[in-house]
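Quick notes on the structure that follows.
The values are calculated or read from the model by the stated rules, or taken from the named source; none is laboratory data. Here the structure is a predicted model, which is why all the values come from computation and not from measurement. Cβ sites come from the backbone with ideal geometry, for glycine too, and all protein chains shown count toward neighbours. Remember, those area values only see protein heavy atoms, side chains included, never the ligands or the DNA or RNA. Shrake-Rupley method; radii C 1.70, N 1.55, O 1.52, S 1.80 Å.
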Amino acid sequence: MQAVQYRSPGSAPEVVTVPDPEPGPGQVLLKVAAAGVCHSDIAVMGMPADQLGFPLPLTLGHEGAGTVAALGAGVEGVELGAMMAVYGPWGCGRCSMCAKGVENYCLHAKELGIFPPGLGAPGAMAEYLIVDDPRHLVPLGDLDPVQNVSLTDAGLTPYHAISLSLPKLVPGSTCVVIGAGGLGHVAIQLLRAMTATRIIALDLSEERLELARRVGAHDTVISDAAAVDRIRALTDGDGAQVILDFVGAPPTTATAAAAAGVAADITVVGLGGGTVEVGFGSLPYETTVCSPYWGTRSELIEVLDIARQGEVSVHVETFSLDEAPLAYERLHAGEITGRAVIVP
Ligand code: NAD
Ligand code: ZN
């Protein structure tokens, strides 16, 4: 079959032919219908080989959806032909975190060599995908796989981040969303669906801010040195109660810290290498800083339910499998608005 692989450190992704996979005991084979292109892949492809933690080549794609094509020995309760979304942060299934469905924080995945598809295990950017366990599948039902595949990460990750701060996202509060890209433009819609907070979106270009307004941001601000003053002005000097940073680079974590109000939540989702200093005097009293990773199995079910109610829709640009390297180039150059999705 055809697959999009990251083959050697520092190289661009390539479309190659690999053997057709067959599901082992307990596994499920999906015929891939769609695979999302995430900026995290670019971060991974920029890491030195010794920091990767898994061998190359790697078939990319940690946002996946497809139909059940074959079942490994012993798999029950999954119907051939059913359209499924893949829950990506695979865990051991046995530790206390996995028992709660919080497989994204599995206590043993690393030592057991368990990796998410596309981030260590063979990913969804191929004609077929092996899913290690049927519990990592959520039925898509009537939801279109191409339109909704990115909810498995670009939806689930913001949903988890927002859920952590729900008590602070009361009417009258302000939430700053930094980076209205793949994750950010879904985060804005989820905030509208889940809360009554007022949303101020930041990005680098007027085109991105236009998308932010279209999907529900109340105010938009160009992300430059004057952004903090604009946020302060829009909040009567108080600052924001919640800041979701979907860039996480030094300039944006600095903006996040400076835009925080008293007892705010600063949530750094982006992998841009920025940090926030904590300690008396460096942030307003009782401000919390956290860096969450992906989301839980039950949260993915909830995100898909929100999509079924029509309250979140991903702005999708589609590419064929052959065009996947181009999709990564375009994402790297800041030329994708919303989410790029590969349709094999
Ligand atoms: P993306 O490229 O689609 O979106 C990033 C957006 O940020 C773009 O619109 C870009 O214009 C904007 N941006 C860049 N620099 C900016 C700045 N200085 N100020 C304001 N906006 C700026 O990327 P994505 O796929 O949405 O991913 C966003 C980040 O989240 C990446 O760092 C990715 O690795 C990370 N991520 C983290 C998790 C997690 O679990 N923590 C999960 C998925 C993605
Ligand atoms: Zn991702």
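The table below gives the values:
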| item | result |
| --- | --- |
| Which numbered condition residue 157 fails, given (1) under 19 Å from the mean Cα position of the chain (by Cα); (2) away from ligand 2 (no atom under 16 Å from the Cβ) | (2) |
| Which listed residue, of 305, 238, is assigned to a loop (DSSP other than H, G, I, E, B) and either open to solvent by less than 20 Å² (accessible area, probe 1.4 Å) or farther than 22 Å from residue 39 by Cβ (or both) | 238 |
| Among the residues listed as 180, 121, the single one being open to solvent by less than 40 Å² (accessible area, probe 1.4 Å), modelled with pLDDT of 95 or more and not assigned by the TED database to the domain that holds residue 15 | 180 |
| Pairs with Cβ under 7 Å, 6+ apart, first in the stretch 173-196 and closer than 14 Å to residue 313 by Cα, second polar (S, T, N, Q) and within 16 Å of ligand 2 (Cβ to nearest atom) | 182/150; 183/157 |
| Any pair with Cβ under 6 angstrom, 6 or more apart, that starts in the stretch 2-17 at a residue that is under 11 Å from residue 57 (Cα atoms) and among the acidic types (Asp, Glu) and ends at one that is modelled with pLDDT of 95 or more and surrounded by 14 or more Cβ atoms within 10 Å (Cβ to Cβ) | 14/5 |
| Some residue of the stretch 280-297 being assigned by the TED database to the domain that holds residue 91, at pLDDT 95 or above and of a type in the set (Asp, Glu) | no |
| Residue ID - nearest to ligand 1 (Cβ to nearest atom), chosen from residues in the stretch 72-120 that are more than 22 Å from residue 61 (Cα to Cα) and outside any loop (DSSP other than H, G, I, E, B) | 97 |
| Residue 189 vs. criteria in contact with a Gly (Cβ under 7 Å, 6 or more places away or on another chain), part of a strand (DSSP E or B) and away from ligand 2 (no atom under 16 Å from the Cβ) | no |
